[in-house]
Amino acid sequence: MTRTFQAIIWDFGGVFTSSPFEAFNRYEAASGLPVDFIRTVNSINPLENAWAKLEQSQVDAEGFDELFRIEAQALGHDVRGRDILGLLSGSLRPRVVHALKVCKTKGKVGCITNNAPIGKGASMTSDDAKAKELAAVFDQFDHLIESSKLGIRKPDPRIYALMCEALDVDPKACVYLDDLGINLKPARDMGMATIKVTGEEQLLTDLEAVTGYALR
């Protein structure tokens, strides 16, 4: 039996857009880097590394560029952070946007995104047309939390609590979707149903199974 939910709470990158990990892998292949090297750099000291500082606006793009390079060099390869920033904004998944619209008819919808103070708006893209397209999706949420504006980021439990407070919902009556397992754990500990997103079709299938909503 499916549960009744008050809200569906979403991550953005890798959920509504194609995963930046795919872009990372293409960059690695073109640059002669080991597969998943960029993810490895980002996974070391994940609460205080260059990536964490950027997503909390503790450094700007220039500062990230140098800090990431130092971290990459420590692992044996010279990679500039500015190259990585250009890989962050993926292509939109229209079927997931449709699913959001369906969920919005059933209850509240929120978005918690770890993003950086770069590009145009929450999407981090520098392309005007793409920024406008993604802004139209962000506008559909009842509440949006951006780590770069708040100064805290997932997986800090406070960010999930703030979303529930803003939506005025019980965490136990929420679904949370994210493409990173580390970001799902705090939501799950609060009582949320969680879905790890590995792809568009899987997302739709799992969200339909959890909620009972017809998303396609």
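Quote the Stokes-Einstein diffusion coefficient, in whole µm² s⁻¹, for the chain, based on the Kirkwood radius over alpha carbon pairs, a temperature of 4 °C and a viscosity of 1.567 mPa s. Present the calculation step by step, with values, prior to reporting the outcome.
On the way: Rh = 17.7 Å.
Calculated translational D: 73 µm²/s.
In percent, rounded to a whole number, the relative contact order of the stretch 127-216 is 18, using alpha-carbon pairs under 8 Å and six or more apart. Computed over the stretch 57-215, relative contact order equals 18 percent, with contacts defined as Cα pairs under 8 Å that lie 6+ residues apart.
Distance between the pseudo-spin-label points of Arg3 and Ala209 (7 Å out from Cα toward the beta carbon): 1.6 nm. What is the Cα centroid distance between the stretch 20-72 and the stretch 110-134, reported in whole angstrom? Comparing the Cα centres of the stretch 20-72 and the stretch 110-134, I get a distance of 18 Å. Shape of the stretch 88-216 from its Cα gyration tensor (a ≥ b ≥ c, root eigenvalues): rounded if a/c is under 1.5, otherwise prolate when a/b > b/c, or oblate? Judged from the Cα gyration tensor, the stretch 88-216 comes out oblate (a/c at least 1.5, b/c at or above a/b). Per-residue ellipticity at 222 nm, computed for the chain from helices alone with -39500 (n - 2.57) per DSSP H run of at least four residues, works out to -14000 deg cm²/dmol. Taking 22 Å as the straight-line reach from the Cα of Lys185, the lysines in range (excluding those fewer than 8 positions away in the same chain) are Lys53, Lys108, Lys154, Lys172, Lys196. Considering only Ile84, Ile182, Ile38, the Gaussian network model of the chain with Cα springs below 10 Å gives its largest mean-square fluctuation to Ile182.
If Lys and Arg each add +1 and Asp and Glu each add -1, what is the summed charge of the other residues whose beta carbon sits under 12 Å from the beta carbon of Asn45?
-1
Length gained on full extension, His77 to Ala135, computed as 0.36 nm times the residue gap minus the Cα-Cα distance: 17.3 nm.
Read-outs: derived from the displayed coordinates by stated rules, not from any lab. All figures in this text were calculated on a predicted structure; none of them were measured in a lab. FYI the Cβ positions are ideal-geometry reconstructions off the backbone, even for glycines, and counts take in every protein chain you see.
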